[in-house]
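Peer 1: If you scroll down you'll find the structure; I have some questions about it.
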Amino acid sequence: MTSHNLPLFSHLASWSAWARAFAAIAAIAAVLWVVWLQPRAARRARQKGILAIARAGLARAKQIGEVFAQPGPLEISAVIYVIHQQTAIDGIVQALTNVRAHEIGSRDALPALSRLQDQLRSLVTSIEILETPIKDPRAVKRLLALDDAERRRYLSGLRPVLDENVRDRVATIQRDYAALARALSRSAAPGIIHREVPCK
């Protein structure tokens, strides 16, 4: 080998060293992505799912609140609508109950989620008085046998207590949802999980 070929080999050796260095950096970056970013992205996706379930509960609670915010006596159709929403809330509470603590990824979100579940259950309990006659076939017959004025009086008698309970529960559910959304957004990258939720 001649002396003028040596710079070529030293130049190739230099490129080879650079290539190995870049490969090592790429390998480190890949490991960091697998170990750090991928689980974080999966946690964010789980948090978004949890928040979507909670948002569905909030929407159902607001729909129930809108029924009780209407002036005048409750109609049978409104009672049936509320019972339908109650059934949906039962499913939402069950879905939130199935969330494992490690999926939340935020110590502040855990108590907020627990409070939200409790308030949704409390809302369901407060409107169960409407469902009781419907579960009993004899009570349904008696209720349907009433003329329109008697039926309105029966439902109107339930109204004052229900109005207050539902209004209080819905307001608390809104606050607890907002607290959950804030806690989850703090544990994720800014802007990923939620936009500011006003409390009413």
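Peer 1: When you scan segment 84-109, how many residues do you find that are buried (at least 16 other Cβ atoms within 10 Å of the Cβ) and at pLDDT below 80?
Peer 2: 3
Peer 1: Also, quick follow-up: Can you name the residue in segment 79-132 that is of a type in the set (S, T, Y) and free of Cβ contacts under 8 Å to residues at least 40 places away in the same chain and, of all such residues, is farthest from K62 (Cα to Cα)?
Peer 2: Checking each candidate, the answer is T132.
Peer 1: Would segment 116-128 turn up any residue that is under 16 Å from L184 (Cβ atoms) and assigned to a helix (DSSP H, G or I)?
Peer 2: Within segment 116-128, one or more residues are under 16 Å from L184 (Cβ atoms) and assigned to a helix (DSSP H, G or I).
Peer 1: What's the number of the condition I192 fails, among (1) among the β-branched types (V, I, T); (2) at pLDDT 70 or above; (3) surrounded by fewer than 17 Cβ atoms within 10 Å (Cβ to Cβ)?
Peer 2: (2) is the only condition that I192 fails.
Peer 1: Quick one: would you say I83 is within 28 Å of A149 (Cβ to Cβ) and part of a helix (DSSP H, G or I)?
Peer 2: It is true that I83 is within 28 Å of A149 (Cβ to Cβ) and part of a helix (DSSP H, G or I).
Peer 1: Taking only segment 98-125 into account, find how many residues are polar (S, T, N, Q), out of contact with any Lys or Arg (no Cβ under 7 Å at 6 or more places or on another chain) and within 12 Å of A54 (Cα to Cα).
Peer 2: 2
The values are calculated or read from the model by the stated rules, or taken from the named source; none is laboratory data. If you're wondering where the values come from, they're calculated on a predicted model, not measured in any experiment. Neighbour counts run over all protein chains shown; Cβ positions are idealised from the backbone, glycine included.
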